[in-house]
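Everything on this sheet refers to the single structure shown next.
The values are calculated or read from the model by the stated rules, or taken from the named source; none is laboratory data. Since the model is a prediction, treat every value here as computed from it, not as a measurement. For neighbour counting, all protein chains shown are included, and Cβ atoms are generated from backbone atoms with ideal geometry for every residue, glycine included.
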Amino acid sequence: MAKIIRPAFERRLDADPGKSYTLPARHYTSPDIFRQEAEAIFFRSWQYVGHVEDLAEPGAYITAMILDQNIFIARGKDGILRGFYNVCSHRAHELLRGAGKARVITCPYHAWSYHLTGELRTARGSEKVAGFDGKEFCLKPVRVETMGPMVFVNLDGNAEPLASQSGGLMDEIRKFAPEFDRLTKVASQSWEIEANWKVVIDNFLECYHCEPAHPAFAQLVDMDSYRSTTHANHSTHVSRSGRPDNKAYKFDPKDGSQVAAFWWLWPTTTMNVGPGEPNMAMFYIRPLGPERTLEVADYYYLDGKLDGQRKERIAYANNTLQVEDNNLCEAVQRGLRSRGYTQGRFIVDRERTQMSEHAVHHFHTLVAAAMGVTAGN
């Protein structure tokens with residue numbers, strides 16, 4: 001894509017986080033930049049769409065939206081996961097909604113049907129059409145790959161494999177969450193946030209705001225041991241110990257781990273492990289517009305039960321921590337529209353403590369690179 005011509009103030013995004021300014025405000029409000037991000041980022045990157053348990057049996061399918069692109073993923077009779085654009089090749093009707101199970105994919109408009117491999121199965125009346133070639137009307141494929149129990153899609157057929165982009169992320173996750181592959185979903189929640197998707201990611205990637213904005217979280221997680229590490233396309237955020245005597249949720253320090261660990265994978269997938277029994281919260285971000293974002297949370301434990309401390313933990317995450325973060329993000333978005341703000345400066349330290357915003361800077365440089373800009377130029 002064409003390189004963005006940047007005003008002088010934009011060139012202050014430096015490769016060194018200690019010297020760098022943030023992305024300028026217009027990158028969070030401009031419809032033109034949002035449209036460029038669609039092509040440069042969201043239609044070319046790996047997006048989390050679900051868990052393998054949602055696609056366990058042949059015929060199981062899930063649907064997902066990548067901006068305005070509707071897709072579905074289904075497990076074939078041969079056990080292989082495949083992804084397709086969720087559109088009939090006849091007259092463009094949507095094929096599937098939500099999640100479910102089907103032996104064949106049948107369009108509700110004119111009843112064209114497709115095998116789970118995407119091949120056209122039947123097209124009513126096509127036998128009377130001269131020169132009709134069913135091979136022309138197979139479903140258009142979408143790349144699908146798994147990382148552990150997580151399912152990702154990529155609309156770019158030439159994209160590098162997910163494993164080559166995620167580096168050692170899966171090994172890290174299994175180190176801090178060895179039961180990850182055995183966890184099962186117990187609850188889900190979603191929120192529409194009146195903020196640009198990058199505001200939401202920025203907020204996740206730093207704990208500089210944790211003590212003033214999340215008092216219960218700052219009690220739960222040991223801030224002194226909180227450290228963030230950036231990698232090629234992901235970042236790791238770990239606190240080595242938790243405090244059972246906190247105002248967020250109670251946990252038994254003998255039951256599981258006291259570690260709190262959080263991961264972000266470019267561009268919009270986050271994974272969260274809290275102190276206590278084996279658990280995982282998948283938070284994934286879906287941009288809805290230049291200043292509106294959908295955030296979805298799926299919570300996983302070792303069985304399907306939702307009781308006791310699990311309810312308490314999820315209630316805190318949904319009703320306190322997430323509400324605090326949503327309010328912060330929406331207030332930032334309002335501020336980004338102000339004529340009194342252009343761009344800010346990162347706070348970083350050599351020790352990369354909880355005060356340091358170097359992981360946000362790392363994210364900003366990845367955004368800039370995807371948009372054809374090199375930090376420091």
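Could you say whether any residue in region 240-255 is modelled with pLDDT of 95 or more, over 16 Å from the mean Cα position of the chain (by Cα) and surrounded by fewer than 16 Cβ atoms within 10 Å (Cβ to Cβ)?
Looking through region 240-255, none of the residues is modelled with pLDDT of 95 or more, over 16 Å from the mean Cα position of the chain (by Cα) and surrounded by fewer than 16 Cβ atoms within 10 Å (Cβ to Cβ).
When you check ILE105 against the structure, is it closer than 30 Å to ALA232 by Cα and either crowded, with 18+ Cβ neighbours inside 10 Å or assigned by TED's automatic domain parsing to the domain that holds LEU366 (or both), yes or no?
No, not satisfied.
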Specify the residue that is surrounded by the most Cβ atoms within 10 Å (Cβ to Cβ); the eligible residues are those in region 215-232 that are free of Cβ contacts under 8 Å to residues at least 60 places away in the same chain and not charged (D, E, K, R).
VAL221
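Going by the conditions given, is ALA177 under 21 Å from ASP255 (Cα atoms) and buried (at least 18 other Cβ atoms within 10 Å of the Cβ)?
Against the criterion (under 21 Å from ASP255 (Cα atoms) and buried (at least 18 other Cβ atoms within 10 Å of the Cβ)), ALA177 qualifies.
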Looking only at region 14-33, count every residue that is touching a residue at least 12 places away in the same chain (Cβ under 8 Å), in a helix (DSSP H, G or I) and not hydrophobic (A, V, I, L, M, F, W, C) and tell me the total.
3
Go through (1) surrounded by 14 or more Cβ atoms within 10 Å (Cβ to Cβ); (2) more than 19 Å from the chain's Cα centre (by Cα) one by one and return the number of the condition PRO212 breaks.
(1)
Looking at region 51-61, is at least one residue closer than 25 Å to ASN196 by Cβ and either in the same structural domain as ALA359 (by TED's automatic domain parsing) or of a type outside the set (Asp, Glu) (or both)?
no
So TYR300 ticks every box in (1) in contact with a strand residue (DSSP E or B) (Cβ under 9 Å, 6 or more places away or on another chain); (2) crowded, with 16+ Cβ neighbours inside 10 Å; (3) farther than 22 Å from PRO149 by Cβ but one. Which box is left unticked?
(3)
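Residues checked against (1) of a type in the set (S, T, N, Q); (2) outside the structural domain of LEU366 (by TED's automatic domain parsing); (3) surrounded by 13 or more Cβ atoms within 10 Å (Cβ to Cβ):
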{"site": "GLY125", "(1), (2), (3)": "no, yes, no"}
{"site": "ALA130", "(1), (2), (3)": "no, yes, no"}
{"site": "LYS135", "(1), (2), (3)": "no, yes, no"}
{"site": "ARG143", "(1), (2), (3)": "no, yes, yes"}
{"site": "PRO149", "(1), (2), (3)": "no, yes, yes"}
{"site": "ASN154", "(1), (2), (3)": "yes, yes, yes"}
Select from region 67-96 the residues that are under 25 Å from ALA163 (Cβ atoms) and buried (at least 21 other Cβ atoms within 10 Å of the Cβ) and list them in ascending order.
ILE71, PHE72, ILE73, ALA74, ARG75, GLY83, PHE84
Can you run down the residue pairs with Cβ atoms below 6 Å, 6 or more apart or on separate chains, where the first is in region 132-153 and aromatic (Phe, Trp, Tyr) and the partner is modelled with pLDDT of 95 or more?
PHE132/SER126; PHE137/SER89; PHE137/LEU120; PHE152/TRP46; PHE152/TYR48; PHE152/GLU145; PHE152/LEU162
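Rundown of residues vs (1) of a type in the set (A, V, I, L, M); (2) surrounded by fewer than 22 Cβ atoms within 10 Å (Cβ to Cβ); (3) free of Cβ contacts under 8 Å to residues at least 24 places away in the same chain, yes/no style:
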{"site": "ARG35", "(1), (2), (3)": "no, yes, yes"}
{"site": "GLU39", "(1), (2), (3)": "no, yes, no"}
{"site": "HIS51", "(1), (2), (3)": "no, yes, no"}
{"site": "ALA56", "(1), (2), (3)": "yes, yes, yes"}
{"site": "GLY59", "(1), (2), (3)": "no, yes, no"}
